[in-house]
1. Using the alpha carbons of segment 19-324, what is the convex hull volume per residue in cubic angstrom, as a whole number?
2. Solvent-accessible area per residue for segment 178-333 at a 1.4 Å probe radius, Å²?
3. Using DSSP to call loops (not H, G, I, E or B), can you name the GluC sites (Glu not before Pro) in segment 76-177 whose Cβ has at most 15 other Cβ atoms within 10 angstrom?
4. Taking all protein chains in place and a 1.4 Å probe, what share, in percent, of the accessible surface of segment 19-324 do carbon and sulfur account for?
5. Name the lysines eligible as straight-distance cross-link partners of residue 226: C-alpha to C-alpha under 19 Å, and not fewer than 8 places from it in the same chain.
Amino acid sequence: MLIKKPPRNAPSEAHATPESAYVSRRTVMKGLGAGIGGLLLARSAHALDLFSSEKNAAAVRKPLEFAAAKPVPELTLTPEAKVTNHNNFYEFGTGKTDPAENSQGLKIEPWTLTVEGEVEKPATVDVWKLMNEIGLEERIYRMRCVEAWSMVIPWVGFELGKFLQRFAPTSRAKYVAFETLYDPEQMPGQRNRYVGGGVDYPYVEGLRMDEAMHPLTILSVGLYGKTLPPQNGAPVRLVVPWKYGFKGIKSIVKIKLVERMPPTSWNKLAPQEYGFYANVNPAVDHPRWSQASERFIGPGGLFSVKRQPTLPFNGYAEEVAGLYSGMNLKKFY
Ligand SMILES: Nc1nc2c(c(=O)[nH]1)N[C@H]1C(S)=C(S)[C@@H](COP(=O)(O)O)O[C@H]1N2
Ligand SMILES: [Mo]
């Protein structure tokens, strides 16, 4: 009988570079004293301190009011339990189930978001108030992680472009820079380089102004009809469906409109592997693996992961390819 192995994230398809993983491990060892004793110590430090957030205080997800999306016939949704238990949120650990396990104590209410920089009306907004007053809509999007897995997720949110207009961008605004909460007390990955995968926190991301203003680009505050759970970036995160998942920065506290291309977390860590643009592109491989196909995480059991071809711009080429006309996408990856 042919036994299929359950799908795994092959270690070769992981965000961090071998170099950066090595550096972070070495940093921990230095801090704790090298050798096996150091490793044992690291394990108990783990248990006692690093993940001491209230694990059972699962953040309550509130129902949202929104204009429902028309289902797209060819898209099968990824079940909610998989969307909320297979995550990347390195502030809570680098394993796929770490965010769900370690983020439940994150204090998401109250939450403010500051919009500043090249705008005529900088302001700080109360995100929970905003959720009630802004018209929310559902968007069913294909999502594609650079690690070659994909999902289809029913987000609830609003267009980033319409939101930014409220702050009156100046003519000097050419890029948008985003920043995640920096709070090492709540985020174990920010206290320890090994837990946090070597990322230089706070996590930062960026978009070109025209990408930010594109109607497909949303700030999401919910999924499957309810507010976001912490592991998916509560209470507000970016969703750009034609780009690799790492552009979708979570738990945002600051948005700054700027003149120059801003630094981005993965590009700082491994510039040869992760570019600023990060458009999903089957023709441009990651230096350590192919991007020509992906594993779709769908309904069903462990064996239901389906290999499928990667689509240019993740299936949104008709809408967004024009933003990059004349650009060499092998160079601007
Ligand atoms: N602050 C922050 N945002 C983040 C990440 C992270 O580690 N920290 N991981 C990114 C990556 S690599 C992916 S694939 C998506 C995953 O989003 P999801 O867990 O909601 O599917 O979040 C992105 N946003
Ligand atoms: Mo990712």
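1. 141 Å³
2. So segment 178-333 comes to 38 Å² accessible per residue, rounded to a whole number.
3. The qualifying sites are 120.
4. 56 percent
5. 62, 70, 82, 107, 129, 250
The values are calculated or read from the model by the stated rules, or taken from the named source; none is laboratory data. The structure presented is a predicted model; accordingly, all values stated were derived computationally and were not measured. Note: ideal-geometry Cβ built from the backbone for every residue, glycine included; neighbour counts use all protein chains shown. Accessible surface areas use protein heavy atoms only, side chains included; no ligands, DNA or RNA. Shrake-Rupley method; radii C 1.70, N 1.55, O 1.52, S 1.80 Å.
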